[in-house]
Amino acid sequence: MKQSFLLIITIILLVACSPKVDQEVVSQPKEEKEEKTKENLSDKSTPEKEYTFNEFMEEHTIEMVGEDIPYHAEEDFVGMRFALQGKARITRYYNYGYKELEATHYVMEVVNEGPSWHVYVPRSDFPELFQELKKGVVDVYVAATIPSEYFEIGQNGMAIAAEVHFTENEAEEQPLDERLTSYMKKHGVERTAKDVIFDKKGMSDKPFALNGYAQLVTYAQISPEYRDLEPTHFVLEIRDESVLYEQLWRVALDRQEYRELYEQALKSMVHVTLTANMPVERFRSSTDLAAIGSAAEYELLPEKYEQPSKMGLAYMKAKGLLLTDREVMYDKYNHSEKAFLIEGAGELTTHLPIGYEDIESHYFGIRITEDPFGDQYVPYGRAIEGWTLILQRQKYPEIYEQLIQEEALEFLVTARVFAQEYVPGQGNVAFVEDIVVKEE
């Protein structure tokens, strides 16, 4: 009896200590769990087999690579499929034959061995690659063709992508400049130039924030679709450094609203932050980056443009001149017919500018190009513009003869832009009323 009682107690204890029979997961011993965890980690750390370029070509049944196509001989390979591999960067190279594709394709330049290729990639087919390219350089394999409907002789290394394999870019998006971030929050702007520059057509009429070093430029530097604004707007060239391979925007700003900014820009470069907009009716399918600006904020820079020399100031006083060439250069519409000073080194031009060819038998031209900073070092790129001066041959024969004998001469000039001769965007052309050669 006692033995039976002990047996019953033992059975009860064993049942109480065992897992339930309907329990889905039975706990494992600790050592066994640790061993399986190590095995799983080991499996995940094993690198995947690299997908090679040869495998890409086999998968897409391609036998020819881009290096097989001789430079300047693409016409013999139109319509044929070929493969490219290399490092790709996004660009805005919408060259002839492909100029109308901006709305539907973005462009990447693929560099490997030999000449690079500009490959036009359908936006709707490869949106993820577009985002990766905006971060920086991406490794790609590309199946491409040179379509007959886009090909023109002399294009050299341009094709349409049919398939693209790419390795995800490990680079992180660069944080926005603090000044730009603050400006965007203050003015409620959601996009930056980096968001619109590679989809310019798709982003027309959508405002974006833009900042960078800026300087005045003439209407010869902006898209013709904006040149009707010359009487009422001045143009700033803004260097956007947020994009790889920095971009230059030309932005038109209202002369009255931003008169103070204009006056400062006449004296020096400025650092400007503004809201830009590309009106769809002014869109031009090319690499031109033009916009209309608003809500501009700016900061003066310590470097100043060179002022007229003492000799130049004395000349202005003697001739009763109130304007310098910079004041006229960037507001020719409102300063036409007014005499002004031009001071600098000039060379004889081969031909007169377009529109003045019919007077070449009686006139000759001098080209004066001066860096407004002179010998002063400036740590950022800048545009350098100048003047083409038109002189009567009969009135200034000695000047003509001197320029034939010498490469350049230093001049002090009284010049005038005639309203009936001026066409917006034609450049800086003026007629000479008086000219003095500076003595060395």
Quick check: Cα centre of the range 187-246 to Cα centre of the range 77-119, how many Å? 25
Rounded to the nearest 10 Å², the 1.4 Å probe accessible area of residue 139 is 70
Given a Förster distance of 51 Å, the FRET efficiency implied by the Cβ-Cβ spacing of residue 400 and residue 225, rounded to the nearest 0.05, works out to 0.85
The range 291-364 versus the range 396-440: alpha-carbon centroid distance in Å: 11
Just the ratio, please: alpha-carbon radius of gyration of the chain over 2.2 N^0.38 Å, N its number of residues. 1.53
The ³J(HN,Hα) series, computed from each phi in the range 382-387 with the Karplus coefficients 6.51, -1.76 and 1.60 at θ = phi - 60°, rounded to the nearest Hz and given as x for glycine or proline, is 8, 7, 10, 10, x, 10
Everything considered on the Cα gyration tensor (a ≥ b ≥ c; rounded for a/c under 1.5, else prolate if a/b is larger than b/c, else oblate), the range 371-434 must be described as oblate
If a/c stays under 1.5 just call it rounded; otherwise compare a/b with b/c (prolate if a/b is bigger, oblate if not). Do that for the range 159-247, with a ≥ b ≥ c from the square roots of the Cα gyration tensor eigenvalues. oblate
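Can you run the Rg to Rh ratio on the range 155-211? Use alpha carbon positions and the Kirkwood inverse-distance Rh. Provide the component values of the computation, followed by the final result.
On the way: Rg = 16.0 Å, Rh = 14.4 Å.
With Rg and the Kirkwood Rh in hand, the quotient comes to 1.12.
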Which helices pass in the chain if a helix is a full DSSP H run, must span at least 18 angstrom along its long axis by Cα, and must have mean Kyte-Doolittle hydropathy not below -0.5? 2-17
Specify whether the C-alpha gyration tensor of the range 236-283 places it in the rounded, prolate or oblate class, a ≥ b ≥ c being the square roots of the eigenvalues: rounded for a/c under 1.5, otherwise prolate if a/b is larger than b/c and oblate if not. oblate
Long-range amide H contacts for residue 409: which residues qualify at under 5 Å (H placed 1.01 Å from N, peptide plane, sequence gap of 5 or more or a different chain)? 346
Given a 1.4 angstrom probe, what's the average accessible area per residue across the chain, in square angstrom? 56
Restricting to the range 351-440, what percent of DSSP beta bridges are antiparallel, rounded to 5? 80
Carbon and sulfur atoms: what percent of the 1.4 Å accessible area of the chain do they account for? 51
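In the range 120-229, what percentage of the DSSP-assigned beta bridges are antiparallel, given to the nearest 5?
Numbers: 6 of 8 bridges.
About 75 percent, rounded to the nearest 5.
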Applying the Karplus parametrisation 6.51 cos²θ - 1.76 cosθ + 1.60 with θ = phi - 60° to the phi angles of the range 115-125, what ³J(HN,Hα) value in whole Hz is obtained for each residue in order, glycine and proline being reported as x? x, 6, 10, 9, 10, 9, 10, x, 4, 5, 8
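The values are calculated or read from the model by the stated rules, or taken from the named source; none is laboratory data. Here the structure is a predicted model, which is why all the values come from computation and not from measurement. Cβ: placed from backbone, ideal geometry, glycine included. Neighbour counts: every protein chain shown. We work out accessible area using only protein heavy atoms, side chains counted, and drop any ligands, DNA or RNA first. Shrake-Rupley method; radii C 1.70, N 1.55, O 1.52, S 1.80 Å.
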